[in-house]
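Structure record follows, encoded as structure tokens.
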Amino acid sequence: MADPPDIPPPACLTDFADLARAVLPADTWDFVDGGSGAETTLAANRAALDRVAVLPRVLTGVESPRTGATLLGREQAMPVAVAPMAYQKLLHPDGEPALAAAAGAAGVPYVLSTLSSTPIEEVTAATGGPVWFQLYWLRDRGLVADLLDRAIAAGCAALMVTVDVPVLGRRLRDVRNGFALPPHVTAANLPRGRDDLAHAGTPGVSAIAAHTGAVFAPALRWADLEWLRARTPVPLLVKGILDPRDAVRAAQTGVDAVVVSNHGGRQLDGAPATATVLPEVVAALDGRAEVLLDSGVRSGTDVLRALALGASGVLLGRPLLWALAAGGRAGAGTALALLAAELRDALTLGGCADPTEARQLRTLTGG
Ligand SMILES: Cc1cc2nc3c(=O)[nH]c(=O)nc-3n(C[C@H](O)[C@H](O)[C@H](O)COP(=O)(O)O)c2cc1C
């Protein structure tokens with residue numbers, strides 16, 4: 001897709017937002033961009049990252065740092081993975097296979113949502129890179145087991161269970177827009193049974209919320225996580241942790257990593273920014289599980305901030321949807337290349353030879 005003529009080519013990830021907004025229907029833009037409630041948490045994510053000041057080291061002799069990092073025991077091109085995000089055919093007809101292929105080419109894992117608009121097997125076939133499967137717990141446990149088996153059979157290298165959606169957050173933009181999926185976008189990995197709900201455009205109702213309300217299990221327990229751990233033959237990550245006590249409990253259950261996430265400000269409005277709680281989670285875990293962060297990451301500098309706060313890596317969300325909307329696979333590739341270049345510069349400016357050294361940097365909060 002050609003760039004709209006009056007918008008300059010992107011110099012950073014947030015530049016993709018204008019490109020995406022120019023090509024997307026207004027209600028799809030709102031679905032991607034919006035948060036829940038008054039969007040307090042959505043705004044707090046950015047504000048908290050902006051308040052993290054990193055103390056660079058000097059005279060370290062670093063000329064060209066390595067961006068490579070090991071996550072879950074596997075070396076990858078940078079300490080970044082593509083966040084699981086639903087319904088990517090809303091953004092571009094090529095949808096998930098395009099973003100997964102861009103991630104594979106950039107050498108970072110692609111996390112495939114349960115609510116993918118493309119079947120698991122098609123997505124894993126579209127990329128040479130690692131695919132991690134994101135699991136939403138469905139009311140029907142048999143379906144959960146089937147999804148897990150399919151993901152493993154398709155070669156998914158890790159499982160990420162999202163635990164912060166007992167019910168969808170009240171995303172007021174979607175409610176006001178009466179947002180519903182267009183006919184060509186479906187939850188391709190779920191039985192067709194409740195599709196009608198996701199496509200029913202009713203003023204004042206989010207069809208996405210109605211659909212997930214009918215399909216997702218509302219009351220997960222630690223025993224469910226134990227069941228999943230016992231059944232999962234690949235590394236297991238739990239996404240949507242904010243309280244250090246939950247992080248410790250997850251580690252005791254045997255998860256390999258926790259993702260400190262407030263779902264990009266889309267679930268509990270009033271939940272803290274992830275950069276605010278990350279250091280406490282890292283301290284509480286004390287190395288018992290890896291820690292990733294998402295929600296608000298927009299640049300290589302933000303990756304450096306997350307590393308300096310103690311994370312092993314980050315998930316990148318909305319910017320990659322903007323890039324997918326603006327330019328399909330090529331757009332997403334450009335965005336990931338920009339992020340890698342920014343991270344290289346941030347490491348150089350911080351005096352770090354690699355992401356591991358960045359975790360030794362000190363931070364101040366407050367600018
Ligand atoms: C449009 C959209 C769809 C999402 N779908 C999912 C999903 O299916 N599963 C999930 O675990 N998280 C989902 N998320 C949350 C992301 O995985 C991630 O936590 C969040 O986007 C990170 O914040 P950021 O967008 O500010 O980078 C979604 C986020 C967006 C914006």
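Every read-out reported here was derived from the displayed coordinates using simple, explicitly stated rules and does not represent laboratory data. Everything numeric here is computed off the predicted structure, so don't read it as measured data. Note that we place each Cβ from the backbone using ideal geometry, even for glycine, and neighbour counts take in every protein chain shown.
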Can you find a residue that is closer than 24 Å to Tyr110 by Cβ and either free of Cβ contacts under 8 Å to residues at least 40 places away in the same chain or in contact with a strand residue (DSSP E or B) (Cβ under 7 Å, 6 or more places away or on another chain) (or both) anywhere in the range 205-212?
yes
Inside the range 235-252, the number of residues satisfying the requirement of being surrounded by 17 or more Cβ atoms within 10 Å (Cβ to Cβ) and not in a helix (DSSP H, G or I) is 8
Scanning the range 123-167 for residues that are within 21 Å of Ala219 (Cβ to Cβ) and touching a Gly at 6+ places or on another chain (Cβ under 7 Å), the one surrounded by the most Cβ atoms within 10 Å (Cβ to Cβ) turns out to be Thr162
Exactly one of Leu278, Leu268 is in contact (Cβ under 8 Å) with a residue 24 or more places away in the chain, farther than 16 Å from Gln134 by Cβ, under 18 Å from the mean Cα position of the chain (by Cα) and in a helix (DSSP H, G or I), and that residue is Leu278
Among Ala53, Ala22, the single one that is aliphatic (A, V, I, L, M) and part of a strand (DSSP E or B) is Ala53
- request: Determine whether the range 33-52 contains at least one residue that is within 11 Å of the ligand (Cβ to nearest atom), among the hydrophobic types (A, V, I, L, M, F, W, C) and farther than 24 Å from Gly240 by Cβ.
  value: no
Of (1) more than 25 Å from Leu364 (Cα to Cα); (2) among the β-branched types (Val, Ile, Thr); (3) not in a helix (DSSP H, G or I), Thr60 fails just (1)
When you scan the range 281-293, do you find a residue that is over 11 Å from Leu242 (Cβ atoms), more than 12 Å from the ligand (Cβ to nearest atom), assigned to a loop (DSSP other than H, G, I, E, B) and acidic (Asp, Glu), even just one? yes
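To keep it simple, each residue is scored yes or no on (1) within 18 Å of Arg288 (Cβ to Cβ); (2) of a type in the set (Val, Ile, Thr).
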residue: Pro233; (1), (2): no, no
residue: Leu236; (1), (2): yes, no
residue: Asp246; (1), (2): yes, no
residue: Val255; (1), (2): yes, yes
residue: Ser261; (1), (2): no, no
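Going by the structure shown, is Gly317 near the ligand (Cβ under 9 Å from one of its atoms) and either in contact with a strand residue (DSSP E or B) (Cβ under 9 Å, 6 or more places away or on another chain) or of a type in the set (Val, Ile, Thr) (or both)? Before you say what the answer is, go through the steps one by one.
Values: near the ligand (Cβ under 9 Å from one of its atoms): yes; either in contact with a strand residue (DSSP E or B) (Cβ under 9 Å, 6 or more places away or on another chain) or of a type in the set (Val, Ile, Thr) (or both): yes.
It is true that Gly317 is near the ligand (Cβ under 9 Å from one of its atoms) and either in contact with a strand residue (DSSP E or B) (Cβ under 9 Å, 6 or more places away or on another chain) or of a type in the set (Val, Ile, Thr) (or both).
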Of the residues in the range 253-280 that are over 20 Å from Glu39 (Cα atoms) and more than 16 Å from the ligand (Cβ to nearest atom), the one that is surrounded by the fewest Cβ atoms within 10 Å (Cβ to Cβ) is Gly254
(message) When you check Glu96 against the structure, is it closer than 27 Å to Ala214 by Cβ, over 16 Å from the mean Cα position of the chain (by Cα) and either within 16 Å of the ligand (Cβ to nearest atom) or not hydrophobic (A, V, I, L, M, F, W, C) (or both), yes or no?
(response) no
Counting only residues in the range 172-192 that are over 28 Å from Val258 (Cα atoms) and small (Gly, Ala, Ser), the one nearest to the ligand (Cβ to nearest atom) is identified as Ala180
Within the range 107-128, residues being within 16 Å of the ligand (Cβ to nearest atom) and free of Cβ contacts under 8 Å to residues at least 40 places away in the same chain number 3
Exception for Gly204 within (1) at negative phi; (2) surrounded by fewer than 20 Cβ atoms within 10 Å (Cβ to Cβ); (3) outside any helix (DSSP H, G or I) falls at (1)
The condition of being assigned to a loop (DSSP other than H, G, I, E, B) and either away from the ligand (no atom under 12 Å from the Cβ) or of a type in the set (Phe, Trp, Tyr) (or both) holds, among Gly142, Gly104, Gly169, Gly155, only for Gly155
For the range 172-187, the count of residues that are surrounded by 18 or more Cβ atoms within 10 Å (Cβ to Cβ) and part of a loop (DSSP other than H, G, I, E, B) equals 6
Being closer than 24 Å to Ala43 by Cβ, within 22 Å of the chain's Cα centre (by Cα) and of a type in the set (D, E, K, R) is the requirement here; does Asp164 meet it? yes
